[in-house]
Every structure is written in structure tokens, then in C-alpha cells.
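Participant: Shown below is the structure under consideration.
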Amino acid sequence: MASARAFGKLILIGEHAVVYGCPAIAAGIDKGARAWAKRSEHISRLSLGVSQVTADDESETARAFVALLERLYEATHERTALEVDVTLDLPPGVGLGASAAIAVAIARAACDAVRVQPESQLILEAANAWESVFHGNPSGIDVAAAMAQQPIWFVKGSAPTPLPCAAPLCLAVALAGPPAATHRMVSKVRELHDQHPPEFRQAIDRIGDLAARARQALACSELVELGRCFNENQRELQALGVSTPDLEGACDVARAAGALGAKLTGAGGGGAVIALCDSSAERVLEAWSSRGIQAFAAQVGANPSPQTPEAS
Ligand code: PMV
């Protein structure tokens with residue numbers, strides 16, 4: 001049976017602003033999704049943990065699965081039914097890119113099952129077809145990060161650029177709030193855009209400037225400056241209305257425990273917070289744990305592990 005992996009992701013700087021054309025920085029993390037695919041005599045079926053859908057269901061997941069398969073059929077000129085199983089070692093709906101990781105893993109495994117070259121562009125398009133069913137008009141940053149282990153510089157509509165990172169970043173990741181729907185948070189920000197266009201544009205441009213500063217800081221390993229960028233980005237996200245008391249609280253706890261900077265990651269409204277740590281995430285993880293906040297450490301920009309996401 002064909003098998004493939006894909007990464008979850010962290011957005012280091014620039015969520016929401018990326019929807020309006022500003023640059024953002026994201027990176028894949030070791031946790032993600034694994035998919036197994038094989039040809040089937042029956043209708044295509046997808047098992048995701050305990051839930052299962054077939055291609056004729058009307059659920060969102062089934063429609064996303066069909067959209068992904070349709071893109072592959074266009075490339076293969078062959079409508080092969082597939083049986084696909086997916087496991088996930090990331091919580092879904094918390095801004096860590098679970099959905100994109102699932103989509104990329106399925107697309108890679110499906111290509112392998114039907115003996116089609118899993119070219120990056122095809123995987124990207126198939127995974128974005130899946131994402132569009134859930135998120136309407138996603139910027140594409142989640143899928144781009146799910147395909148790259150190194151940090152990337154991402155601008156909507158352009159190919160991502162791998163970012164040089166002088167040394168691996170040590171991050172702590174908290175599941176600080178309940179899951180939240182990305183499309184709901186994107187719509188909330190859209191309302192602000194429609195109501196206050198000039199102020200909104202200024203805020204978005206400030207976030208774009210932070211992405212440029214963070215890129216420079218990453219390249220030179222200026223962690224204090226990168227931490228400042230995290231904190232300033234968090235203030236902008238709060239002003240956009242996508243932070244919550246839980247997320248602010250988790251950021252404060254991380255900073256008090258020595259983090260150089262902290263911010264929500266992903267769409268907000270709940271979900272995950274990331275904290276940049278100097279050399280070890282331990283103190284921040286302990287501080288969160290003592291307040292009952294689930295968390296884990298993540299390294300970004302380390303050398304790719306021998307077990308690449310494409311490996312079977
Ligand atoms: O899928 P999430 O929750 O990580 O959010 C993706 C980032 C957004 O900028 C909020 C949306 C997008 O399409 O870029």
C-alpha cells in the first residue's frame with residue numbers, strides 16, 4: 001500500500017495579512033499526517049481516525065476528498081477509485097495546519113497508489129482544492145508549509161521561497177484555546193476591512209513590515225528582535241479582533257517565564273499560541289503546564305530529519 005507523510009505548520013508572522021497580499025513566514029513542524037492509499041473496486045473511501053466518508057457523501061470532508069481526487073484525475077486522465085486511511089498526530093482546528101497536512105499526505109499517497117509522479121505543483125493544487133472546500137478562498141500558506149520543512153517566505157499567488165535560518169529556532173506551542181473555524185475568523189477580519197479600509201490597510205502593512213523584519217532576524221539569528229516581532233504581531237492581531245483572553249493569557253505566561261516573544265498562530269479565535277525561547281522551551285512548557293495548558297516543544301529550521309515527509 002502506498003504511504004506518505006506531510007507536516008503540520010506554524011505561522012511565525014503574518015496570518016490574516018497574508019490573505020490581503022502581505023508576506024508571511026511559516027514553517028513545517030515534525031507533527032503532521034500520514035496517509036495510506038490503495039486502488040479499490042468500490043467507490044472512493046476516506047477513513048480519518050474513527051470517521052469515514054465515501055465519495056458520494058454530502059459532508060464537507062467528502063466534498064473536499066472528491067475535489068482533491070478530481071484534480072488528480074485531471075492529471076492522470078484515469079478515474080481510479082481509492083481507499084485512503086489517514087492518521088494525524090496533531091490536534092485539528094487549532095491553527096497548526098492539520099487540514100493541509102492531511103490533504104498533502106493524501107495527495108502524495110494517492111499519486112503513489114496510481115503510479116503518477118507526485119510533482120509539487122500537482123500536490124499543491126490537489127491539496128488547495130481540498131482546502132478551498134473548508135476555507136473558501138485560502139491564501140495557500142498552510143499547504144505550502146505542509147510541503148516544506150524549512151521556514152518559507154510566502155506571498156499569496158507566488159511560489160514560496162525557502163528562508164535561510166542561521167540556527168534552528170526553539171519554540172513552545174500551547175493549545176491555549178478551543179478549536180475555532182478559520183473561515184469564521186477570516187470573515188471577521190473581512191468585516192473590519194470593509195468597515196475601515198484605510199486603517200485596515202495600515203494595520204495590514206505594519207504586519208507586512210514585521211514579516212520583513214522577522215526575515216532579517218531569522219537570517220542573522222537575532223532572537224531578541226524576532227521575539228519583538230512576535231509580540232508586535234500579536235498586538236496587531238489583537239487589534240484585528242482575532243485574539244481571545246485565553247490566547248492573551250497564554251502569551252503573558254510565556255513571556256513571564258522568559259519567552260522572547262509570544263503570539264497566536266493561525267486564524268485565532270482560539271487554538272494555538274507559539275512562544276520563542278532562547279535555548280530551551282522547558283521553562284515555558286512548565287509554566288503553561290502548571291496552569292493546565294497542554295503544550296509541546298517544536299524546532300523550526302533544523303536540518304531535515306532522515307524520515308522526510310515523502311518517505312513511505
Ligand atoms: O488554517 P489556519 O487556522 O492556520 O489559518 C490560516 C491562516 C489565515 O491567514 C488566517 C488564513 C489564510 O488563508 O491564509
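The values are calculated or read from the model by the stated rules, or taken from the named source; none is laboratory data. Values in this document were obtained by computation on a predicted structure and should not be read as measured data. We place every Cβ from the backbone using ideal geometry, glycine too, and count neighbours over all the protein chains shown. Accessible surface is based on the protein model in full, side chains and every heavy atom, while ligands, DNA and RNA are left aside. Shrake-Rupley method; radii C 1.70, N 1.55, O 1.52, S 1.80 Å.
Participant: Let me check I've understood the local charge: for Ala167, count other residues with C-beta under 13 angstrom from its C-beta, Lys and Arg +1, Asp and Glu -1. What total comes out?
Facilitator: -2
Participant: Can you give the Rg to Rh ratio of the range 1-75, both from alpha-carbon atoms, with Rh computed by the Kirkwood formula?
Facilitator: Working: Rg = 16.0 Å, Rh = 15.0 Å.
Taking Rh as the inverse mean 1/r over Cα pairs, Rg/Rh reads 1.07.
Participant: Can you tell me which of 49-62, 278-291 comes out highest on packing, and rank the rest after it, using the mean Cβ neighbours within 10 Å? The partial results should precede the final answer.
Facilitator: Values: 49-62: 12.9, 278-291: 16.6.
By packing density, highest mean first, the sequence is 278-291, 49-62.
Participant: Percent of Cα-Cα pairs per 20 Å bin, from 0 to the last occupied bin, for the chain, please list those.
Facilitator: So the P(r) values, bin by bin, are 35, 55, 9.
Participant: Ranking request for peptides 215-225, 243-253: highest mean number of other beta-carbon atoms within 10 Å first, then the rest in descending order.
Facilitator: Highest-to-lowest ranking by the protection proxy: 243-253, 215-225.
Participant: By average Cβ neighbour count within 10 Å, what is the ranking of 30-43, 226-239, 264-277, 154-167 from highest down?
Facilitator: 264-277, 226-239, 30-43, 154-167
Participant: In addition: Beyond 11 Å, what percent of the Cα pairs of the range 175-226 remain?
Facilitator: 75
Participant: Something else about it: Given an 8 Å cut-off on Cα distances and at least 6 residues of separation, report the relative contact order of the chain as a percent.
Facilitator: Working: 731 pairs, mean separation 75.2, N = 312.
In percent, rounded to a whole number, it is 24.
Participant: While we're here: Any chance you could check the Cα centroid distance between the range 200-234 and the range 96-152 for me, in angstrom?
Facilitator: The range 200-234 and the range 96-152 have Cα centres separated by 27 Å.
Participant: Also, quick follow-up: So how far apart, in nm, are the two label points at His77 and Ala212 if each is 7 Å from Cα heading toward Cβ?
Facilitator: Here the modelled spin labels are 4.7 nm apart.
Participant: Moving on. Got a number for carbon plus sulfur as a percent of the chain's accessible area, 1.4 Å probe?
Facilitator: Carbon-and-sulfur percentage of accessible area, whole number: 51.
Participant: What translational diffusion coefficient, in µm²/s and rounded to a whole number, does the Stokes-Einstein relation yield for the range 63-216 at 37 °C and a viscosity of 0.692 mPa s, taking the hydrodynamic radius as the Kirkwood radius over Cα pairs?
Facilitator: After rounding, the answer is 187 µm²/s.
Participant: How many Å² of accessible area per residue for the chain, probe 1.4 Å?
Facilitator: 42
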